[in-house]
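Only the coordinates and a few stated rules stand behind these numbers; no lab work does. What you see is a predicted model, and the numbers here were worked out from it, not measured in a lab. We place every Cβ from the backbone using ideal geometry, glycine too, and count neighbours over all the protein chains shown.
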Amino acid sequence: MGGLIYLDNAAATRLDERVLEAMRPYFFETYAVATSQFGYSPGIDAKDALEGARATVAGALGAAPEELIFTSGSAESSNTAIKGVAQALGQKKGRHLVTSAIEDFAVLHSVRALERQGYTATTVGVDGDGRVDLDELREAITPETILVSVQAANQEIGTLQDLEAIGAICREKGVLFHTDATHTFLRVALDVREVAVDLVTVTADRMHGPKGIGGLYVRAGTPLTKWMDGGFQEFNLRGGAENIPGAVGFARAVELVTDEETARLAGMRDRLIALLLEVPHARLNGHPTLRLPQNANISFRFVEGESVLLHLDMRQMAVSTGSACFSRSLEASHVILGIGGDHERAHGSIRFTFGRFNREEDVDEVAAAAAEVIERLREISPLGKE
Amino acid sequence: MPVPYSDIVMEHFRNPRNVGRMENPDAKSVEGSPACGDMVAVYLQVDEETLRITDIKFESYGCASNIATGSIITEIAKGKTLEEAKQITWKQVSEQLGGLPSIKVHCSVLAIDGLRGAVENYEERHGLVKERTPTTVELITKRLKRVMNPMVGLDLVRTNLVREIELKEGHVRVAIDLPPDHQFAANIREEVMDKIEPLWDIERVEVEFNAEAMSPLTIIH
């Protein structure tokens, strides 16, 4: 991917070489599993590495090490949180969940899977910027409600949610609160000592860490039933041999993220948004200020996203779209529809997400290329000429 | 970088032939709508004597397979008679493009519909419709298959949104299983009217929505 300008960091990120270096010994030297700690010394080293990594990742959330379990990534973390709480409280407290209309599929489909098993769920709407309606959320909580799951930031339009306020409502109503922090982890501050959140989904692969490793923060005392049976790994909440190289890589990736870097990404984001909004018939999707530092999402009228992507791909630029044509299900982005947008707005929505390996000069290059491609596609479009 | 499209599709996508708007076309058809996603416009110039397509242009608001199909279909149709152009099938076009991903069939069918629609438009405008066969419910259903359900990108009939079609003395009533305040209701009404009204023996078209209908979820699994 030599000359590639990669602006799809919300989907996957390039691994930082320093992360790979940290992981390497755990493939070739200390390849024992942590459960061998009572048998032989490599097991002890493996256990130390795992627990060191756990302390680092948990610490980044202000959590105690024993409040963080490693998983295979954000989808598993969210599945575990939602289905685990449902299983633990379904008989005891109730069978109702609350979520938002624009959650990622791991959350939405976990809730839908529970609905098929007889649980009920209320989906709370969002405003035109993608912010959850807090009054609606409060009203959605019933005595039967066991869990509220609202993301920290949206995967497509980047809008941040008010976790503090949502946590306070959940605390007041006595229900558990899960948040999917896949895209905000280390980019937008979240300290579980200050925010009343009980379960937090995090993952390594959106911050230049390895694929296949994620984490779930579980506040001490939170009822959670495990679904992956196996040994007694991860405080008996997830069976299976630990992914020690992955955990070590995750921790190293955590250490490498700095506030300066995040500020740099926000600077590139702001410049790109400003440049792209100069294109006629362009509008920003998501909140103008309360948004992920690394996310820009713009809808261009009269053009279709997949065509824009393919033209940018020919210029060695990678971005994403909410167009129905691009999705495997031929459905338009539920996020754009969720913020009150129509099919057309989803059709022409382009997401640009920044990461560590983007350079400032990429921004102008991508903005110029996008403007050119959009102009070209508008020339052949039957729309927008009157 | 490999994409799910053949080299021929990508070539037509990159360099679409006969693209753009035609001033004063002899016939024109627009299929699809912005609310549904893809949209294709086809313009024709036809020799009155020979009924051959002397010039053809298309415009596309759509994905690569939509653009490529629109492009290749203009190449195939140019110089053909209207009768020959009507015989062009999706299969034939798809083969000439080196195949299309199955999920993209809808986008490419739209271009074929555009060509057929433009030919029909010419015939209707020039009094060439030989047999005026009376409209039937089957024909109406066939036309409704060209109206998309924007929520899923498949047609109204296939997604079971057409609850009832009533045809009586030139009066058509189409009952759609969507609440009248649904975000796409107005759009669907307009498209249904567009497809049914031009039929020669139809005087009045009514599109009815159902206040009792559940608003379907956007995502269906």
| message | So the check is Cβ under 7 Å with 6+ separation or different chains; which pairs have a first residue in segment A:1-26 that's in a loop (DSSP other than H, G, I, E, B) and a second one that's of a type in the set (D, E)? | response | A:A12/A:D205; A:T13/A:D205
| said: Yes or no: segment B:169-186 includes at least one residue that is more than 14 Å from every other protein chain (Cβ to nearest Cβ), within 30 Å of B:N24 (Cβ to Cβ) and touching a Ser or Thr at 6+ places or on another chain (Cβ under 7 Å). | reply: no
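Condition check ((1) over 21 Å from A:E76 (Cβ atoms); (2) touching a helix residue (DSSP H, G or I) at 6+ places or on another chain (Cβ under 8 Å)) across all residues:
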| site | (1), (2) |
| --- | --- |
| A:R112 | no, no |
| A:Y119 | no, yes |
| A:L137 | yes, yes |
| A:D162 | yes, yes |
| A:D180 | no, yes |
| A:A189 | yes, no |
| A:R193 | yes, no |
| A:A196 | yes, yes |
| A:T201 | no, yes |
| said: Just the residues that are touching a residue at least 60 places away in the same chain (Cβ under 8 Å) and of a type outside the set (A, V, I, L, M, F, W, C), please, taken from segment A:32-45. | reply: A:T35
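Would a scan of segment A:323-335 turn up a residue that is within 14 Å of another protein chain (Cβ to nearest Cβ), under 17 Å from A:Y6 (Cα atoms) and either free of Cβ contacts under 8 Å to residues at least 60 places away in the same chain or assigned to a strand (DSSP E or B) (or both)? Quick ask: steps written out before the conclusion?
Let us first name the residues in segment A:323-335 that are within 14 Å of another protein chain (Cβ to nearest Cβ), namely A:323-335.
Imposing the further condition that a residue be under 17 Å from A:Y6 (Cα atoms) reduces the set to none.
There is no residue in segment A:323-335 that is within 14 Å of another protein chain (Cβ to nearest Cβ), under 17 Å from A:Y6 (Cα atoms) and either free of Cβ contacts under 8 Å to residues at least 60 places away in the same chain or assigned to a strand (DSSP E or B) (or both).
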| If you check A:A165, A:A247, which single one turns out to be under 20 Å from A:T80 (Cβ atoms), over 16 Å from the mean Cα position of the chain (by Cα), among the hydrophobic types (A, V, I, L, M, F, W, C) and outside any loop (DSSP other than H, G, I, E, B)? | A:A247
| Here are A:A58, A:A32: which of them is assigned to a helix (DSSP H, G or I) and surrounded by 19 or more Cβ atoms within 10 Å (Cβ to Cβ)? | A:A58
| remark: The strands (runs of 3 or more DSSP E) lying wholly within segment B:1-67 that contain at least 3 residues that are at the interface with another protein chain (Cβ under 8 Å from one of its Cβ atoms) and crowded, with 24+ Cβ neighbours inside 10 Å are B:39-46, B:53-61
| query | Out of all the residues in segment B:122-138, is one or more under 22 Å from B:S33 (Cβ atoms) and within 14 Å of another protein chain (Cβ to nearest Cβ)? | reply | no
| query | Is there a residue in segment B:103-120 that is within 14 Å of chain A (Cβ to nearest Cβ), of a type outside the set (V, I, T), assigned to a loop (DSSP other than H, G, I, E, B) and out of contact with any helix residue (DSSP H, G or I) (no Cβ under 7 Å at 6 or more places or on another chain)? | reply | no
| task | Being closer than 24 Å to A:F357 by Cα, at the interface with chain B (Cβ under 7 Å from one of its Cβ atoms) and touching a helix residue (DSSP H, G or I) at 6+ places or on another chain (Cβ under 8 Å) is the filter here, so list the residues in segment A:300-313 that pass it. | result | A:L310
| message | Scan segment A:357-376 and tell me whether some residue there is among the aromatic types (F, W, Y), crowded, with 24+ Cβ neighbours inside 10 Å, more than 9 Å from chain B (Cβ to nearest Cβ) and touching a residue at least 24 places away in the same chain (Cβ under 8 Å). | response | no
